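Novice: Input: one structure, supplied below.
The values are calculated or read from the model by the stated rules, or taken from the named source; none is laboratory data. Just so it is clear, the structure is predicted and the values come from calculations on it, not from any experiment. With ideal geometry, Cβ positions are generated from the backbone for all residues, glycine too; neighbour counts draw on all protein chains shown. With ligands, DNA and RNA removed, areas are computed over all heavy atoms of the protein, side chains included. Shrake-Rupley method; radii C 1.70, N 1.55, O 1.52, S 1.80 Å.
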Amino acid sequence: GDSVTQMEGPVTLSEEAFLTINCTYTATGYPSLFWYVQYPGEGLQLLLKATKADDKGSNKGFEATYRKETTSFHLEKGSVQVSDSAVYFCALDPLGGSTLGRLYFGRGTQLTVWP
Amino acid sequence: DTGVSQDPRHKITKRGQNVTFRCDPISEHNRLYWYRQTLGQGPEFLTYFQNEAQLEKSRLLSDRFSAERPKGSFSTLEIQRTEQGDSAMYLCASSLAASGLQETQYFGPGTRLLVL
C-alpha cells in the first residue's frame, strides 16, 4: 500500500550546518509529495511540495526534489537557523494531480538547532 | 485571514464519557479532513468531507466515532464512550478542491485529548 518512511530523529545541529532529512515513499500511482513543518505549540504548516517526477519544491531556503527512480523526496537546507527547530513531516498524496485526497504521513523528524 | 480553527485546544475526560470537537475551516474551502496524531507518530487520516458529504472513512474510525459537517461549513467529531487509547491530538485540515487546481491542505492547531 501507499506509505512514507522518514528518517528517524532527533536531529541536532549547530547553526549554519547543512541539513538533510531523508524520506522515501511507496505508491502504486503517481503521487504528489509534501513536507510539512510543526513548530512547538502550533499546527502543521506546508513547507513545500512537488507534484511530478523531477520537480523541485523550495521554500524558506529548504529544498526537496521528487526522485521517482529512487522513490525519494529528501529535505535539504544549506544553512540551518535556530528558528528552524521544529518537527518535519514528509507526506504523500497517492492520487496526485488535482485530486487531493487523504495524505499519508511519515513519523516526523525532530530537528533541534543550537546557536 | 483566519486559518483553520479548532475548539477546544485541550480536553481531559474520564473513560466512558462522550466528547465533541469542533473545526472551523478556511471560509471558502469545500473539503474538510480529520486526522489523529499520537505521540511520536505522524497524523493518520480519519475521514473527510466535500461540502456536507462525507466521502471517505478510515477503518481507524470505529463506530464510537462520528463526524458531521451539516451545512458544509464547520465540522464536529464526536467520540462516544471514550477509551484511554483515544488519547491523541485530533487535527483538522481544509482545502479548496476544484478542477485543475493543485490542492493544499491547511491544518488547524489541533485538539489534544487525554482520557483518564
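Novice: If I filter segment B:5-16 for residues that are within 13 Å of chain A (Cβ to nearest Cβ), open to solvent by less than 80 Å² (accessible area, probe 1.4 Å) and more than 10 Å from the chain's Cα centre (by Cα), do I get at least one hit?
Specialist: Yes, the conditions are met somewhere in segment B:5-16.
Novice: If you don't mind, another one. Hey, can you tell me all the residues within segment A:25-41 that are within 14 Å of another protein chain (Cβ to nearest Cβ) and in a strand (DSSP E or B)?
Specialist: Once the filter is applied, which keeps residues that are within 14 Å of another protein chain (Cβ to nearest Cβ) and in a strand (DSSP E or B), segment A:25-41 yields A:TYR25, A:SER32, A:LEU33, A:PHE34, A:TRP35, A:TYR36, A:VAL37, A:GLN38.
Table: residues versus (1) within 26 Å of A:GLY41 (Cα to Cα); (2) within 12 Å of another protein chain (Cβ to nearest Cβ).
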residue	(1), (2)
B:ALA53	no, no
B:GLU56	no, yes
B:ALA67	yes, no
B:ARG81	no, no
B:ALA88	yes, no
B:ALA93	yes, yes
B:THR104	yes, yes
B:GLY108	yes, yes
B:LEU114	yes, no
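Novice: Would a scan of segment A:85-100 turn up a residue that is over 25 Å from B:HIS29 (Cβ atoms), in contact with a Ser or Thr (Cβ under 7 Å, 6 or more places away or on another chain) and surrounded by fewer than 16 Cβ atoms within 10 Å (Cβ to Cβ)?
Specialist: no
Novice: May I pose another question? Out of the residues in segment A:48-66 that are open to solvent by less than 60 Å² (accessible area, probe 1.4 Å), within 11 Å of chain B (Cβ to nearest Cβ) and within 11 Å of the chain's Cα centre (by Cα), which is nearest to A:SER83 (Cα to Cα)?
Specialist: Per the stated criteria, the residue is A:LEU48.
Novice: Go through the residues of segment B:41-55 one by one and say whether even a single one is of a type in the set (Ser, Thr, Tyr) and without any contact (Cβ under 8 Å) to a residue 60 or more places away in the chain. First the steps, then the outcome.
Specialist: As a first pass, look at segment B:41-55 and keep what is of a type in the set (Ser, Thr, Tyr): B:47-48.
Applying the additional criterion that residues be without any contact (Cβ under 8 Å) to a residue 60 or more places away in the chain yields B:47-48.
Yes: one or more hits.
Novice: A follow-up question, please. Can you say whether B:ALA93 is without any contact (Cβ under 8 Å) to a residue 40 or more places away in the chain and in contact with a strand residue (DSSP E or B) (Cβ under 8 Å, 6 or more places away or on another chain), as far as the supplied structure shows?
Specialist: no
Novice: Testing A:THR65 on (1) at pLDDT 95 or above; (2) touching a Ser or Thr at 6+ places or on another chain (Cβ under 7 Å), one condition comes back false. Which one is that?
Specialist: (2)
Novice: If you go through segment A:78-89 one residue at a time, do you hit one that is more than 8 Å from chain B (Cβ to nearest Cβ), over 16 Å from A:PHE18 (Cα atoms) and assigned to a loop (DSSP other than H, G, I, E, B)?
Specialist: Filtering segment A:78-89 for residues more than 8 Å from chain B (Cβ to nearest Cβ) gives A:78-88.
Applying the additional criterion that residues be over 16 Å from A:PHE18 (Cα atoms) yields A:87.
So of that shortlist, the ones also assigned to a loop (DSSP other than H, G, I, E, B) come out as none.
Checked segment A:78-89: no residue is more than 8 Å from chain B (Cβ to nearest Cβ), over 16 Å from A:PHE18 (Cα atoms) and assigned to a loop (DSSP other than H, G, I, E, B).
Novice: Taking segment A:26-47 on its own, how many of its residues are more than 17 Å from A:ASP2 (Cα to Cα) and either over 14 Å from the mean Cα position of the chain (by Cα) or modelled with pLDDT under 95 (or both)?
Specialist: Looking only at that region, the number is 9.
Novice: Of all residues in segment B:25-34, which are touching a residue at least 60 places away in the same chain (Cβ under 8 Å) and within 13 Å of another protein chain (Cβ to nearest Cβ)?
Specialist: B:PRO25, B:ILE26, B:HIS29, B:ASN30, B:ARG31, B:LEU32, B:TYR33 - these are the residues of segment B:25-34 that are touching a residue at least 60 places away in the same chain (Cβ under 8 Å) and within 13 Å of another protein chain (Cβ to nearest Cβ).
Novice: Name the residue that is most open to solvent (accessible area, probe 1.4 Å), counting only residues in segment A:23-47 that are under 12 Å from A:ALA86 (Cα atoms) and of a type in the set (Phe, Trp, Tyr).
Specialist: A:TYR39
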